[in-house]
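The structure appears below as C-alpha cells.
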Amino acid sequence: MDGKLRDNDISHVVEADRAHVWHHLIQHAGWTGPDPKADPRIIVEGRGMRVWDQKGKEHLDGVSGGVWTVNVGYGRERIANAVRDQLIKLPYFAGTAGSIPGALFSEKLISKMPGMSRVYYTNSGSEANEKAFKMVRQIAHKRHGGKKHKILYRDRDYHGTTIACLSAGGQDERNAQYGPYTPGFVRVPHCLEYRAQWDLSGEEYGLAAANAIEEVILREGPDTVGALCLEPVTAGGGVIVPPEGYWPRVQEICRKYDILLHIDEVVCGVGRTGTWFGYQHYGVEPDFVTMAKGVASGYAAIACCVTNERVFEMFRDDATDPMNYFRDISTFGGCTAGPAAALENMAIIEEEGLLDNTVAMGDYMLDQLRALKDKHAVIGDVRGKGLFLGAELVSDRGSKEPAPEKQVQAVVADCMAQGVVIGATNRSLPGFNNTLCYSPALIATRDDIDHLVSATDQALTRVFG
Ligand SMILES: Cc1ncc(COP(=O)(O)O)c(C=O)c1O
C-alpha cells in the first residue's frame, strides 16, 4: 500500500474495462469504439489524500473519491478490519430485524443530531431521499385525505438519480430526456446571491430568497404542500452557501404552513462543512435528514433517512389501522458492513479532531482561493463552507457571462495532468457548468491545500492566459 503497483502489467484490466464497463456520467466515445484516443482511467490504490492510477501515477485527490465521499481518506485499516470482522460474524439480515452495528451506529448518530430520533437504513442517497418522499406521501394519505402531498424542491439542488428524485431535481441538464417525471414535485427559486434574482444583498437577499418559497406555497395552496426538500449547502448545482437570514426564515415558513422540512445532507453530512451536519450551522430543526456519501467514507455502502419522533409517531400512533406503518423495505439496508464502517468512520473523525481541522483548513483554503481570484479575472466568485468549496469561472466579471464549459473542463484536465484531481459542475445546469469544485478529505493539511490551489493557478494560467 505504498502506491507501487505489485503487478506491473494490468493491461488486461484496462481492456476488460474498455470492453465491458459502462462508466458513470461519462461519454465513452474517447476510449471505446474503433479508434480509441485514450485508455479508461482505473484507480488502483489509495492512501491518505492520494490515489494511484493504472500507470502508477500519483494524484492528490481534491474531491474525496470524485464525488465528495472519502471524508476520512484512503487506507484506513481499522475501518476495513471492523467491516471484515462484522462480515464474518453476520453479513446480512433483512432490516425487519435489528443488527448489532445497526443499533450501535444509530445511537451514535442520533447523539450528534439533537432533536432527531430514528434511523431508517438504505443503500444510497437517492434511496434515502425516496424514503422521505414516501413518508411524506403516506402522511398525506393518512392525515390529509391525500391532499398535502406536494414536495417542494429548489432550483439547482440535486437529490438523486431515480425518476422520483429527478422529479425533485433542480438541474435541468441532469434531468433532460428522462421525463415524464413523477407528479407532485414543485420547484422553488435558488438562493445564490452571485446569480441574483432580486436587487438586494446579504440578509435582505436571504430573506427574499426564502420569501420566494412562501410565494410558491401560497400559489400552490398550503393545504397541498407536505414537505420542502433542500440541500443545506447546494453541491453539484454550484456550491451554494445560503445567504444570511435564509435558513431561519425557511424554518419559520415551514412551521407557519405545517410543512415538513427535509434536509438532504448526502454531501454535507458527517463533517464536510466542519459540523456533523450542514444544517447545524444554521440552528435549523429538520423533520427529515438524509445522508449517504461520507457516512462511512465509501468503505461500505450505507445511507440513512433520519427522522424526528414527531414523524416516527405518525407511523405508529394508530395500531388499529393495519396500513399505519411504513410499508417499505430496502434489501441492502440490512447489510451490516455499512453501520460497522460508519461507527469507525465517526470514531476517527472524533479522535483525530477532523471537524476542527475541516473548519481551519476550510478557512485557509477559502483565503487561498480568494487570493487566486485577485490574480485571475476569470474567477468571478469563490464560495464554500468547511472543506466544501467552489470557484465560479466567468468570461467577464461585469456581465458574469459563464466561462465556456470546454475551458472549465480544460482546467480540470490540466490539473489531472499535473496529478491533482479537482472537480467541476458537470451536466448540471444548461450554460452554467462553470464552477470548479473542491472537497478534499477532512484530513487535508496546509501543504495539500497549497498543492490544490497552486495546480489550479497553473491550470488557469495555461487555459485562460
Ligand atoms: C445532494 C445529493 N443528494 C443525493 C444524491 C444521490 O446520492 P446517491 O448517488 O448515493 O444515490 C447526491 C449524489 O451526488 C447528492 O449530491
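Observations on the model:
- Taking the three principal axes of the alpha carbon atoms in region 8-152, the coordinate ranges are 60, 39, 29 Å, sorted in descending order.
- Relative exposure of Trp31, Trp276, judged by other C-beta atoms within 10 Å (fewest first): Trp31, Trp276
- Whole-number D in µm² s⁻¹ for region 77-351, Kirkwood Cα-pair radius fed into Stokes-Einstein, 10 °C, 1.306 mPa s: 83 µm²/s
- Quarter of the Cα convex hull surface for region 359-465, i.e. its orientation-mean projected area (nm²): 6.2 nm²
- Of the peptides 214-221, 50-57, the ranking by mean beta-carbon count within 10 Å, highest at the top, reads 50-57, 214-221.
- Rounded to the nearest 0.05, the FRET efficiency derived from the C-beta distance between Tyr178 and Met323 at R0 = 30 Å is 0.45.
- Qualifying trypsin sites (Lys or Arg not before Pro) in region 290-343, DSSP loop, other Cβ atoms within 10 Å at most 12: Arg316, Arg327
- Restricting the calculation to Cα atoms, region 337-393 yields a radius of gyration followed by a Dmax of 15.6, 47 Å.
- Spatial separation of Cα centroids for region 182-232 and region 37-93, in angstrom: 38 Å
- Computed extension length for Ser117-Ala19: 30.6 nm, one decimal, from 0.36 nm per residue of separation with the Cα-Cα distance subtracted.
- For Lys147, net neighbour charge (Lys/Arg +1, Asp/Glu -1) across residues whose Cβ lies under 13 Å away: +2
- Two-site label geometry, Glu350 and Asp258: point separation in nm, points 7 Å out along Cα→Cβ: 3.9 nm
- Taking 7 Å steps out from each Cα toward its Cβ at Asp363 and Arg462 produces label points 3.4 nm apart.
- As a proxy for reagent exposure, Leu436, Leu166 were ordered by neighbouring Cβ count within 10 angstrom, fewest first; the result is Leu166, Leu436.
- Over the chain: helical MRE at 222 nm, DSSP H runs n ≥ 4 each giving -39500 (n - 2.57), nearest 500: -11500 deg cm²/dmol
- Taking the convex hull of Cα positions in region 229-312, its mean projected area over all directions (nm²): 5.8 nm²
- The relative contact order of region 271-424, computed from alpha carbon pairs under 8 Å that lie at least 6 residues apart in sequence, is 19 percent.
- Against the empirical 2.2 N^0.38 Å (N residues), region 290-390 has a Cα radius of gyration ratio of 1.63.
- Neighbour counts of other Cβ atoms within 10 Å put Thr425, Thr182 in the fewest-to-most order Thr182, Thr425.
- Projected label distance in nm at Val216 and Asp374, using a 7 Å step from Cα toward the beta-carbon: 3.9 nm
- Taking 0.692 mPa s as the viscosity and 37 °C as the temperature, the Stokes-Einstein diffusion coefficient of region 265-336 based on its alpha-carbon Kirkwood radius rounds to 233 µm²/s.
- Estimated FRET transfer efficiency when R0 is 25 angstrom, pair Arg84-Lys108 (beta carbons, to 0.05): 0.80
- At q = 0.17 Å⁻¹ the log10 of I(q)/I(0) for region 214-368 amounts to -1.15, computed by Debye summation with a single uniform scatterer per C-alpha, solvent ignored.
- Whole-angstrom gap from region 276-308 to region 414-438, using each part's C-alpha centre: 25 Å
- Across the chain, Cα-Cα pairs farther apart than 44 Å form 11% of the total.
- Number of Lys-Lys pairs in region 1-152 with C-alpha atoms under 24 Å apart and a separation of 8 or more places or on different chains: 16.
No value in this document is a laboratory result; all are computed from the given coordinates. Model, not experiment: these values are computed from the prediction. With ideal geometry, Cβ positions are generated from the backbone for all residues, glycine too; neighbour counts draw on all protein chains shown.
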